[in-house]
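All of the numbers you see were taken from the coordinates with simple rules; none came from a lab. Since this is a predicted model, take the numbers as computed values, not measurements. Using ideal geometry, Cβ is built from the backbone for each residue, glycine included, and neighbour counts are taken over all protein chains shown.
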Amino acid sequence: MPSNTAAWSSIGGFIGLQAGAALVCAGCAAVLPPDWLRPGLPLLGQAAALLAGWAWLGGRRREAARLRRANRELAARMSERSDQLAESEARLRLLADAAPFPLAMNRLAGGELIYANARAEELFGTRLRQEQALRVQDFYVDPAEREQVAQSLRAGKPVQDREVKLKNAQGREFWALISCSVVKSEQVWYVINGINDISERKRLEQRLHDANASLRRHVDEIELLQQGLREQALRDPLTGLFNRRHLDEILPRVLSHMLALHRGVAVLMVDADHFKRINDSYGHRCGDAVLTALGAYLSDHFRSGDIVCRYGGEEFFVLLPGASLEAAHAKAEGLCRAVREMPIEALGHSLSLTLSIGLALSPLHGEDAETVVRAADEALYRAKSQGRDRVCVADPVPSLQS
């Protein structure tokens with residue numbers, strides 16, 4: 001059987017002879033009579049049809065050849081692109097596998113895990129297998145926490161460094177810092193999760209918190225002790241009233257403040273009459289009990305804004321800010337009367353007591369602490385010299401007399 005080339009050459013020679021005859025006949029048609037042309041017309045038409053058919057067939061073959069070349073080029077480019085994608089995927093997987101932190105990928109809709117690197121598998125104590133379906137929500141301690149993360153991702157808000165409590169496949173709970181972002185591939189949304197175990201940091205934070213709480217408790221205890229020491233330093237241990245040291249600190253401030261407000265300050269110097277007889281007759285313990293009872297009564301008898309101090313021995317000092325001379329005198333007289341009528345029970349003894357009181361008023365009897373105290377002390381001395389169980393008012397300072 002002849003080859004395709006020989007076949008195509010024979011057919012071409014035949015087409016050439018037919019075309020030449022047609023041309024000769026066409027050229028002779030101008031000089032030959034019409035009777036010569038009629039027998040050659042069918043042969044000329046056949047030749048023309050064959051020529052057109054082979055021309056069309058040659059065009060189809062050329063188009064087919066061009067398409068084959070294009071297909072080969074497209075296949076080569078697709079193969080090259082596939083190789084590039086495979087290489088890129090291999091690099092990305094290598095990068096994910098070698099990441100220095102746990103990395104996992106899941107479907108956003110159902111939470112199914114489709115990838116986890118070795119560090120993630122180690123952290124969660126399980127391996128990702130095709131026959132074992134795992135979901136990210138299986139590793140959240142609080143399902144509501146997982147739903148909040150998913151809602152943020154569905155709203156297009158990436159999760160950045162969020163503290164959540166997770167658990168591994170064996171149920172061990174731990175704190176983690178997660179960062180999540182969403183990607184889309186083939187109409188499916190996926191979540192890429194970066195996980196950092198911060199359990200040790202949380203333990204350190206808790207220990208620091210406990211240490212701070214313990215330190216605060218110790219500081220509070222120290223402050224209470226200091227406050228107690230300050231109270232002890234400012235209070236009389238027997239009666240619980242403020243002592244003379246506190247009076248020396250506060251009296252100048254009170255006088256200065258009330259003087260700036262153009263208001264008076266009354267002071268009472270109070271002495272228990274014949275107290276030495278109680279100590280001599282019943283002993284110092286009984287005397288201490290009497291002083292304790294008297295101090296308690298003085299504390300209850302005056303206003304909360306008044307200041308009652310044990311001045312020393314059987315003497316007491318009362319500071320009445322804002323009181324007038326008349327009001328302070330009435331208060332002192334009422335105190336003398338009440339104590340005179342009050343029985344005092346001390347170590348099985350029922351005793352009675354009277355008081356001598358010296359009264360002074362600032363600025364009438366002086367504007368500074370030393371002057372006012374001296375005036376009240378002189379008034380107390382006069383009350384004792386006049387027979388005790390009474391109230392005496394200090395004389396005004398000479399510079400204020402008119």
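One table, with the values for the structure above:
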| read-out | value |
| --- | --- |
| Where the Cα pairs of segment 145-300 fall when distances are cut into 10 Å bins, in % | 8, 17, 16, 11, 8, 8, 13, 10, 6, 2, 0 |
| Highest average packing first - 280-293, 54-67, Cβ atoms within 10 Å | 280-293, 54-67 |
| Label-point separation in nm, Met342 to Ser82, each point 7 Å along Cα→Cβ | 11.0 nm |
| Between segment 118-150 and segment 241-299, the Cα center-to-center distance that results, in Å | 76 Å |
| Gyration tensor (alpha-carbon) shape descriptor, segment 103-197, a/c threshold 1.5 | oblate |
| Sorted peptide list for 200-211, 317-328, criterion being average Cβ within 10 angstrom, highest first | 317-328, 200-211 |
| Cα gyration tensor, segment 244-400 - rounded (a/c under 1.5), prolate or oblate | prolate |
| R0 of 22 Å, Cβ-Cβ distance Glu333-Tyr381: FRET efficiency to nearest 0.05 | 0.75 |
| Ascending count of other beta-carbon atoms within 10 Å, so fewest first, for Met269, Met258 | Met258, Met269 |
| Eligible lysines near Lys184 by straight Cα distance, threshold 29 Å, same-chain separation 8 or greater | Lys157, Lys165, Lys167 |
| Ranked list, fewest to most other Cβ atoms within 10 Å of each Cβ, for Cys392, Cys309, Cys336 | Cys336, Cys392, Cys309 |
| Cα gyration tensor shape of segment 220-277, rounded if a/c is under 1.5, else prolate or oblate by comparing a/b with b/c | oblate |
| Translational diffusion of segment 174-260, µm² s⁻¹ [Kirkwood Rh, Cα pairs; Stokes-Einstein; 25 °C; 0.890 mPa s] | 127 µm²/s |
| Expected-Rg normalisation [2.2 N^0.38 Å, Cα atoms] applied to segment 318-400 | 1.23 |
| Mean Cα-pair separation over length for segment 244-400, i.e. relative contact order, pairs under 8 Å, 6 or more apart, % | 28 percent |
| Gap separating the Cα centres of segment 185-216 and segment 341-402, nearest whole Å | 72 Å |
